[in-house]
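Contents: one structure, followed by commentary.
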Amino acid sequence: VQQLGTPLSDEEYQHFFRFFQDTPRASDACFFRLLYGCQNPLMQKLDKFENHGVIPEGPICSELPGTPLFPDFCAFSFYRCLRKRYFIKV
């Protein structure tokens, strides 16, 4: 059993992002995030699902070498969207 707030395992990410594997779908989700923000109930539901039921509080780091810490999961999510790196794990 995963600890609340931890990122999904590689297998869980494959399952979670199966719907989004098509880049236009991931892009649409990002557009929705940019339009309505991280406080939108749908975005919060996706963010909670991605992190075992809890949206992590900051700071957040990514698997990218040299990438600075992000103040919170919302900033990290916006970074993924803006860089079109949709499937970067925390």
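The values are calculated or read from the model by the stated rules, or taken from the named source; none is laboratory data. Keep in mind that this is a model prediction, so the values were computed, not measured. Quick reminder, even Gly has a Cβ in these numbers, built from the backbone with ideal geometry, and neighbours come from all protein chains shown. Accessible surface areas use protein heavy atoms only, side chains included; no ligands, DNA or RNA. Shrake-Rupley method; radii C 1.70, N 1.55, O 1.52, S 1.80 Å.
Enumerate the calculated ³J(HN,Hα) couplings along the range 71-80 in order (Karplus 6.51 cos²θ - 1.76 cosθ + 1.60, θ = phi - 60°), each rounded to whole Hz, writing x wherever the residue is Gly or Pro.
x, 7, 5, 4, 4, 4, 5, 4, 4, 4
Would you calculate a helix-derived [θ] at 222 nm for the chain, using -39,500 (n - 2.57) for each DSSP H run of n ≥ 4 and dividing by the full residue count, to the nearest 500?
So the helix-based figure for the chain works out to -14000 deg cm²/dmol.
Quick one: dipole size for the chain, taken about the Cα centre, charges +1 on Lys/Arg Cβ and -1 on Asp/Glu Cβ, in debye to the nearest 20.
That gives the chain a dipole magnitude of about 280 debye.
Just want the answer: with Cβ charges of +1 for Lys and Arg and -1 for Asp and Glu, which residue in GLN39, PHE73, SER62 is farthest toward the dipole's positive end in the range 10-83?
GLN39
Once you put a point 7 Å from the Cα of SER9 and another 7 Å from the Cα of CYS38, both along the Cβ direction, what distance in nm separates them?
Rounded to a tenth, the inter-label distance reads 2.7 nm.
If you split all Cα-Cα distances of the range 10-83 into 10 Å bins from zero, what percentages do you get per bin, shortest first?
Taking every Cα pair in the range 10-83, the percentages come to 18, 52, 30, 0.
Loop by DSSP (not H, G, I, E, B), at most 11 other beta-carbon atoms within 10 Å: where is the longest site-free stretch of the chain for GluC sites (Glu not before Pro)?
Here the longest run is 1-56.
Rolling a 1.4 angstrom probe over the protein heavy atoms, how many square angstrom per residue are accessible across the chain?
65 Å²
Stretch GLU57-ASP28 to full length: gain in nm at 0.36 nm per residue minus the Cα-Cα span?
Going from the current span to full extension adds 8.0 nm.
Cut-off 10 angstrom, C-alpha nodes, Gaussian network model of the chain. Which of LEU42, LEU34, LEU64 fluctuates the most?
Of the options given, LEU64 has the highest mean-square fluctuation.
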